[in-house]
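Notes follow once the structure below has been shown.
None of the figures in this text is laboratory data; all of them are computed from the coordinates on show. Values in this document were obtained by computation on a predicted structure and should not be read as measured data. Neighbour counts are summed over all protein chains in view; Cβ atoms, including those assigned to glycine, are modelled from backbone coordinates with ideal geometry.
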Amino acid sequence: MNLGYLAYRNMVSKPLNLLLSLLLLSLSVSLVTFVLQLNKQLSGQLNKNIAPFDMVVGAKGSPLQLVLSSVLHIDVPTGNIKQKDVVMLHNHPFVEKTVPVSYGDNYKGYRLLGTELEYLSSYNAELKEGRLYQKSFEVVAGNGVATKLGLALGDTFTSSHGLVDGGEGHDDKPYEVVGILKPTGSVVDQLLISNLESVWEAHDHGDGEHSESEEEHHDEDGHEHEEHGHDHEGHEHDDHNHDKEHKHEEHNEDLEITSLLVKFKSPLGMVQLPRFINENTAVQAALPGFEIQRLMGLLGSGAKTINGIALAILLVSGLSIFISLLKTIRERRQELALLRTYGFQTRQLLGLTLLEGLFLAFIGFVIGWLLGRLGIWILSGYLSATYGYTLQLNGPEMIELSLMVIILILAIFAAFMASLSIFKLNVAKTLSNE
Amino acid sequence: MVKTSGLRYAYGDGQEMIFPDIELTPGNHLLIIGPSGIGKTTLLYLMAGLLPPVNGSVAIAGKELNALSRREIDKFRGEQIGLIFQQYHFINSLSVQDNLTLRQSILEDAVDKQRRHQLAERLGLSDHLNKKVTQLSQGQQQRLSIALGLIHKPKVILADEPTSNLDDANCVKVINLLKEEAEICKSSLVIITHDLRVMSHFQNRVEL
């Protein structure tokens, strides 16, 4: 038998002490690791999602909302804009590419996004099976959606109005799944993607919930001709647009999109264009990088607060380990003296206490780490149900291992401080006085 | 086997205790008797190297304890000296078996399982090896205490009032047990007592 076994037996022989120390320690560890993971994964995912585009142009409103809705797809849009409002960007010398997005419908809570194929290539999305959409009401499904909803090639569905499940249905316009994408680890995984015309046409037969500008447009045409006119227009696009997108843009300047995603060719664009757009046009430009940095700054101060609390709990748990070991040593003075008569040296008794402290700290860390991951797992379920974001369950990270080392050092310190009386242990006296 | 000369010990309050010289040849046993409070237990700890004398020397099995370092004394005590206490001391978080194993584990040789089982059987502890020490009866604790004092076959067994808690019948039993085991281990017994019932069983005695 070695001292390790004895330390273990000593530790478990006082289950309530053990429970309290473990509880405090694992609580602080779980808080710290949870916040670290969340922060890291969220900022990682957000950065991946905003990476393909430098600027987003949409209706006036909150720039953060515009970014959240049009790039990250976790908020409602600020409104719609007309194609003609942003036509100046298409061939701007600072601009590398522009991708219009239009949305407003969902299928079982997953967004239907009308866009151009360029959107998929911007996220390096590749087909897992099937093909890309070629005409209206064909969709490719992001990997996450396809898995969650069990979508297969050839499946059809009708969308509902609005961005959350349960809106009014567009029963007459079924979409067909023609392709399923490989996982990208970005927001594309959570989207159903079709061409712009699908979104427009779905709303041609709309139920009066068109955006205001669209209604104005209808008013000009006269109510009686509303459906006819639009239907006709839609078919025209179908004919034209499959091969020549530019034509489509030129022809449909009055049609609406939700926003335009822009990638700059030159950094000068970043400096000049947003200001120009915001000051001189009816639309607003927002920089995803800037907005997300602002958002993470807000989250960061929350994370700092939680880390502060966790640190306080960690210190209390260190204190509790110290007190528990101190109590243990007082209670076991006679046992320690007995071990001395067996021939164990003072330093071995010291080692016994250190081992007990280290066991406690290690087990506390492992439990806390597991709890932290459990928290991530639970939150991931909630996030994926609400926002379509999933969090990974990562193995231990470098910073977490450093945390463990810090905790072990803290435990050694606590155990050593608690053991100081071992040096002064008077064996004869301790064993004689009951 | 045990030899002390000119032993003096100073208590914390300055009171000094002078002990008579003791010499015990191998194969013999010794009683140290005297009224309580005279310093019998102190003498026992001096002989075990657990207290440092102010003056004088202790030699156990031919080894001068004064000449050894603290670490060497610890090691020497673990291997060559067995202690049996008036009050029983065990490691309460361990089972009976583990208490015995722990006592053996300080030895350099591999832990002797056979020795443990034979001893447990002779002392009637075989059926209780997996019990917690706190679950043992008074008599079983007494026998475990003895087992712990001699499981490692020490040269010298130092027993402090081993019979003070026992009735007459058990007193005789324990004395016989100690003598038998000392015989088997070829150990010398040094028994400190003020129990008159023990006197008749031993010839050598030193009075404090």
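Count the DSSP beta bridges whose two residues both fall in region B:74-208, then state the antiparallel fraction as a percent rounded to the nearest 5.
On the way: 1 of 10 bridges.
Of the beta bridges lying entirely in region B:74-208, close to 10 percent run antiparallel.
Paramagnetic label reach from residue B:13 (point 7 Å along Cα→Cβ; backbone nitrogen cut-off under 17 Å): within region B:32-70, residues B:36-42. Spin-label pair residue B:134-residue B:112: with each label point 7 Å from Cα along the Cα-Cβ axis, the two points sit 3.3 nm from one another.
Does chain A classify as rounded, prolate or oblate by the C-alpha gyration tensor (a ≥ b ≥ c root eigenvalues; a/c under 1.5 gives rounded; else a/b over b/c gives prolate, otherwise oblate)? List each step's numbers first, then the result.
On the way: a/c = 3.93, a/b = 3.04, b/c = 1.30.
Note, shape of chain A comes out prolate.
Neighbour counts of other Cβ atoms within 10 Å put A:279, A:197, A:176 in the fewest-to-most order A:279, A:176, A:197.
Label zone of residue A:158 (point 7 Å out along Cα→Cβ, amide N under 19 Å): in region A:81-108 this covers A:104-108. Put a plus charge on the Cβ of each Lys and Arg, a minus charge on the Cβ of each Asp and Glu, and nothing anywhere else: the dipole of the protein assembly as shown about its Cα centre is then about 7900 debye. Each label point was placed 7 Å from the Cα along the Cα-to-Cβ direction; for residue A:20 and residue A:270 their separation is 5.5 nm.
Of the residues A:287, A:393, the one with the fewest other Cβ atoms within 10 Å heads the list, and the complete ranking is A:393, A:287. Apply 1/(1 + (r/R0)^6) to the Cβ-Cβ distance of residue B:38 and residue A:306, taking R0 = 60 Å, and write down the FRET efficiency to the nearest 0.05. E(calc), rounded to 0.05, equals 0.35. Charged side chains reduced to their Cβ positions (Lys and Arg at +1, Asp and Glu at -1) give region A:68-131 a dipole of some 140 debye around its Cα centre. Taking a ≥ b ≥ c as the square roots of the Cα gyration tensor eigenvalues, region A:1-90 comes out prolate, since a/c reaches at least 1.5 and a/b is larger than b/c.
Restricting to DSSP H runs of at least four residues, report the calculated mean residue ellipticity at 222 nm for chain B, -39500 (n - 2.57) per run over all residues, nearest 500 deg cm²/dmol.
-10500 deg cm²/dmol
Subtracting the Cα-Cα distance of residue A:406 and residue A:423 from 0.36 nm times their residue separation leaves 3.5 nm of extension gain. Structure remark: mean-square fluctuation, Gaussian network model of chain A, C-alpha springs under 10 Å; the largest value among A:190, A:293, A:334 belongs to A:334.
Between B:87, B:114, B:104, the residue with the greatest mean-square fluctuation in the GNM of chain B (Cα pairs under 10 Å linked by springs) is B:114. Cross-link check: pairs A:148/A:304; A:429/B:131; A:263/A:304; A:60/A:108; A:84/A:263 evaluated at a Cα-Cα cut-off of 23 Å; pairs beyond the cut-off: A:148/A:304; A:429/B:131; A:263/A:304; A:60/A:108. Counting other Cβ atoms within 10 Å as a rough exposure proxy, the listed residues B:33, A:193, A:406 run A:406, B:33, A:193 from fewest neighbours to most. Placing unit charges on each Cβ (+1 for Lys and Arg, -1 for Asp and Glu) gives region A:78-143 a dipole about its Cα centre, and among A:123, A:106, A:87 the Cα reaching farthest toward its positive end belongs to A:106.
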